[in-house]
Amino acid sequence: MITIEDFRKIELKVAVIKEVIEHPNADKLYIVTVDLGDKTKQLVAGIRLAYQKEELIGKQVIVVDNLEPATLRGVESQGMLLAASDETGLAIISPLREIKPGSIVK
């Protein structure tokens with residue numbers, strides 16, 4: 001279990017997907033550029049089998065903005081895109097209505 005103080009450390013924000021390219025070293029990963037309003041970030045996301053690149057461009061998503069960067073298969077990821085999965089597949093977490101990029105998820 002984590003405490004509420006631990007949870008409050010996680011910065012969840014709304015971002016807009018601006019660019020999606022295939023990861024050169026992994027067939028399940030995309031390299032995704034997101035706009036957080038005041039900055040852009042590069043994320044490596046394991047959503048390639050669930051989504052076509054074209055359907056992701058312009059989509060609003062929820063990202064972990066303050067995650068320590070990690071190198072995934074040779075490419076730096078500067079955050080994490082949130083998604084859920086079950087036996088039917090993967091679903092990106094997205095706001096129900098359009099909201100300003102960079103908005104904080106509470």
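Any read-out appearing in this document is the output of simple, stated calculations on the displayed coordinates, not a laboratory observation. Just so it is clear, the model here is predicted, and its values are computed rather than measured. Cβ: placed from backbone, ideal geometry, glycine included. Neighbour counts: every protein chain shown.
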(request) Just name the residue that is surrounded by the fewest Cβ atoms within 10 Å (Cβ to Cβ) out of those in segment 67-83 that are in a strand (DSSP E or B) and of a type in the set (A, V, I, L, M, F, W, C). (result) Ala70
(message) Every residue in segment 1-34 that is exposed (fewer than 14 other Cβ atoms within 10 Å of the Cβ) and hydrophobic (A, V, I, L, M, F, W, C), please.
(response) Met1, Ile2, Ile4, Phe7, Ile10, Ile21
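Each row is one residue, and each column tells you yes or no for (1) in contact with a Gly (Cβ under 7 Å, 6 or more places away or on another chain); (2) not in a strand (DSSP E or B).
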| site | (1), (2) |
| --- | --- |
| Asp6 | no, yes |
| Val20 | no, no |
| Lys28 | yes, yes |
| Gln42 | no, no |
| Ser85 | no, no |
| Leu90 | no, no |
| Pro95 | no, yes |
| Glu98 | no, yes |
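Among the candidates Glu19, Glu87, Glu76, single out the residue that is within 13 Å of the chain's Cα centre (by Cα) and not β-branched (Val, Ile, Thr). Reasoning before the result, please.
Working: Glu87 fails: within 13 Å of the chain's Cα centre (by Cα); Glu76 fails: within 13 Å of the chain's Cα centre (by Cα).
One residue alone meets the criteria, Glu19.
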(message) Anything in segment 80-106 that is touching a residue at least 60 places away in the same chain (Cβ under 8 Å) and either among the hydroxyl-bearing types (Ser, Thr, Tyr) or in contact with a His (Cβ under 9 Å, 6 or more places away or on another chain) (or both)? List them, or say none.
(response) Ser103
(request) Test each condition in (1) surrounded by 15 or more Cβ atoms within 10 Å (Cβ to Cβ); (2) of a type in the set (Val, Ile, Thr); (3) assigned to a strand (DSSP E or B) for Ile47 and report the one that comes out false. (result) (3)
(request) Scan segment 60-90 for residues that are within 11 Å of Lys41 (Cβ to Cβ) and hydrophobic (A, V, I, L, M, F, W, C) and jot them down. (result) Val63, Val64, Leu67, Met80, Leu81
(request) Mind counting the residues in segment 52-66 that are surrounded by fewer than 19 Cβ atoms within 10 Å (Cβ to Cβ), in a loop (DSSP other than H, G, I, E, B) and touching a strand residue (DSSP E or B) at 6+ places or on another chain (Cβ under 7 Å)? (result) 3
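Any residue that is of a type in the set (Lys, Arg), under 14 Å from Leu12 (Cα atoms) and exposed (fewer than 12 other Cβ atoms within 10 Å of the Cβ) - is there at least one of those in segment 92-103?
Within segment 92-103, one or more residues are of a type in the set (Lys, Arg), under 14 Å from Leu12 (Cα atoms) and exposed (fewer than 12 other Cβ atoms within 10 Å of the Cβ).
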(request) Report, ordered by the first and then the second residue, all pairs with beta carbons closer than 9 Å, sequence separation of six or more or different chains, a first member in segment 20-38 that is farther than 12 Å from Leu72 by Cβ, and a second member that is among the aromatic types (Phe, Trp, Tyr) and surrounded by 13 or more Cβ atoms within 10 Å (Cβ to Cβ). (result) Val20/Tyr30; Val20/Tyr51; Ile21/Tyr30; Glu22/Tyr30
